[in-house]
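These notes concern the structure reproduced below.
The values are calculated or read from the model by the stated rules, or taken from the named source; none is laboratory data. Remember, it's a predicted structure, so these values are computed and weren't measured experimentally. No Cβ is skipped: glycine too gets one built from the backbone with ideal geometry, and neighbour counts run over all protein chains shown.
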Amino acid sequence: MTKQQLGGLDPEDIRATLLAAADAAAQQTLPRFRTRLAVDNKEVGGFDPVTEGDREAERAIREVIAARFPGHAIVGEEMADKPADSPFEWVVDPIDGTRAFISGAPVWGTLIGLRVEGRTVAGLMAQPFTGEVYLGLPGASVYRRHREQAVLRTSGVTDLHKAKLSATSPDIFEIARTQPQWNRLRKAVLQTRYGLDCYAYCLLAAGHIDMVCEAALKNVDIAALIPIIENAGGVVTTWDGGSAENGGNCVAAATPELHRAALQMLAG
């Protein structure tokens, strides 16, 4: 890992900031998890839940980042963007998987990524209930849980018909009107599992599943996960092969070969 890949920033400073921000978020999310939460809906005509845990966790993350890097921009899920005349931008989703959070399922996570000139070069997913942290920095992705630490590597699966696939919900493809494309891919793989949110991408980086396909993602849903996947050997793009940095219809795969096969299937 080099300073050049991080725009001249010290790698240890970035690692420490990601972990400190995740710890600050956990102090807001964990006490509220599996409690009787008030849930607000951000979407007219649909359901996009948000809780006090989302808002307070993002506030805590922003405070950590602003204290350490006051000149950096911050983009978040629940609060207004903090612009800055800087090549550095932090992308924050305090609780990715709020539906899981309000259902008591421990597959939600805190996502924090650092962009340099529009490219996410460092990212973290923290699941504080299980004590897991997935961290992607230039050169390596690592898994941490308490005293345990391991380097992440994708599965190496190249054959679409042997791939284990995940998506958050079949509903997302219905809403995005991409059901035909999704059904082609779903029918071509070994198995499909739903409902894992950001946790699925980390299971991909760890080699437990082989592919994740989603529709209509926001930038905060995917940016922090890109370095985790790529530094573990995986590939993540939009369905047309473009950058996934800003979200959209995205697919992540364990290998370039599997990724190419998925894009071909989605394209029909």
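What to note about this one:
- Of the residues making up the stretch 115-166, those that are of a type in the set (D, E, K, R), assigned to a strand (DSSP E or B) and within 26 Å of GLY8 (Cα to Cα) are ARG115, ARG119, ARG144.
- Within the stretch 44-99, restricting attention to residues that are outside any loop (DSSP other than H, G, I, E, B) and aromatic (Phe, Trp, Tyr), the residue that is surrounded by the most Cβ atoms within 10 Å (Cβ to Cβ) is TRP90.
- Those helices (runs of 4 or more DSSP H) of the stretch 200-268 in which 3 or more residues are in contact with a Phe, Trp or Tyr (Cβ under 9 Å, 6 or more places away or on another chain) and crowded, with 20+ Cβ neighbours inside 10 Å occupy 225-230.
- Of all residues in the stretch 151-181, those that are under 21 Å from GLU257 (Cβ atoms) and touching a Phe, Trp or Tyr at 6+ places or on another chain (Cβ under 8 Å) total 4.
- Residues located in the stretch 141-173, provided they are among the hydroxyl-bearing types (Ser, Thr, Tyr) and either farther than 18 Å from LEU18 by Cα or outside the structural domain of PRO11 (by TED's automatic domain parsing) (or both): THR154, SER155, THR158, SER166, THR168, SER169
- Between ARG153, ARG147, the distinction of being free of Cβ contacts under 8 Å to residues at least 24 places away in the same chain and on the phi < 0 side of the Ramachandran plot belongs to ARG147 only.
- Number of residues in the stretch 84-121 that are among the acidic types (Asp, Glu) and either closer than 16 Å to ILE228 by Cβ or touching a Cys at 6+ places or on another chain (Cβ under 6 Å) (or both): the value is 2.
- Where a residue in the stretch 221-242 is free of Cβ contacts under 8 Å to residues at least 40 places away in the same chain and not assigned by TED's automatic domain parsing to the domain that holds THR98 and its partner, wherever it lies, is acidic (Asp, Glu) and part of a helix (DSSP H, G or I), with Cβ under 9 Å and at least six apart: VAL236/GLU230
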